[in-house]
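Working notes, structure below.
The values are calculated or read from the model by the stated rules, or taken from the named source; none is laboratory data. Every value quoted in this text rests on a predicted model; they were computed, and no experiment measured them. Using ideal geometry, Cβ is built from the backbone for each residue, glycine included, and neighbour counts are taken over all protein chains shown. What goes into the accessible areas is simple: the full protein's heavy atoms, side chains included, and nothing from ligands, DNA or RNA. Shrake-Rupley method; radii C 1.70, N 1.55, O 1.52, S 1.80 Å.
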Amino acid sequence: MIQSLTIAVERRAAHQIWLRYHLEIPEEALSTPAPAEPQRADNLWRTTCFELFVRSPGKAAYAEYNFSPTAQWAAYRFDAEREGMAALDMPMPPDIGLDMSDSHFALETTLTLPPEWRDCALDIAISAIIETVEGAKSYWALAHPADRPDFHHPGSFALRLPAP
């Protein structure tokens, strides 16, 4: 049913990261949440959701961002792997846009990084939870370093973006 998931990422001026998640799947097969106001929300990962994790190389603290097809979003800060979770202050909410057809679904987002991650190289993890209309979920990531999907695992941070 899911033919492919490709992700483009770019570090932009003004301390921004741009992402495009492009999913090849028949439109009628993808389960997406009911429409909602584009605002901060929790538990977006319980259905189709696209994620980004960011940390400075060699550091334990990281940020997690969730982007929903509803244009809702979440941002969290962790002191270490799954420890010290708190809402991450955002300089501005992510800008989320959708592009879909009979054969694909794409979500694009641009987010502004908090000050601590602006001027350094970044280790990132990119992932997605895809739910089909039958209720099956698949877990996609650049790396699955554990025996089960764990997007918070330090080995998931498989891509380095150079400092601006």
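Remarks
- Total residues in the stretch 10-24, condition part of a strand (DSSP E or B) and either acidic (D, E) or surrounded by 15 or more Cβ atoms within 10 Å (Cβ to Cβ) (or both): 10
- Unmet criterion (only one of (1) in a strand (DSSP E or B); (2) farther than 23 Å from Q16 by Cα) for A75: (2)
- Each residue in the stretch 25-42 was checked for being part of a loop (DSSP other than H, G, I, E, B) and closer than 14 Å to K137 by Cβ, and 4 pass.
- Annotation note: of R46, R55, the sole residue that is more than 28 Å from A163 (Cα to Cα) and of a type in the set (K, R) is R46.
- Some residue of the stretch 54-67 being open to solvent by 10 Å² or more (accessible area, probe 1.4 Å), part of a strand (DSSP E or B), in contact (Cβ under 8 Å) with a residue 12 or more places away in the chain and farther than 19 Å from W18 by Cα: no
- In the stretch 120-146, of all residues being touching a residue at least 60 places away in the same chain (Cβ under 8 Å), in a loop (DSSP other than H, G, I, E, B) and touching a Ser or Thr at 6+ places or on another chain (Cβ under 6 Å), the one that is surrounded by the most Cβ atoms within 10 Å (Cβ to Cβ) corresponds to C120.
- Those residues of the stretch 93-103 which are buried (at least 17 other Cβ atoms within 10 Å of the Cβ) and part of a strand (DSSP E or B), in sequence order: I96
- Among (1) in contact with a Cys (Cβ under 7 Å, 6 or more places away or on another chain); (2) over 27 Å from C120 (Cα atoms) - the single one E37 does not satisfy: (1)
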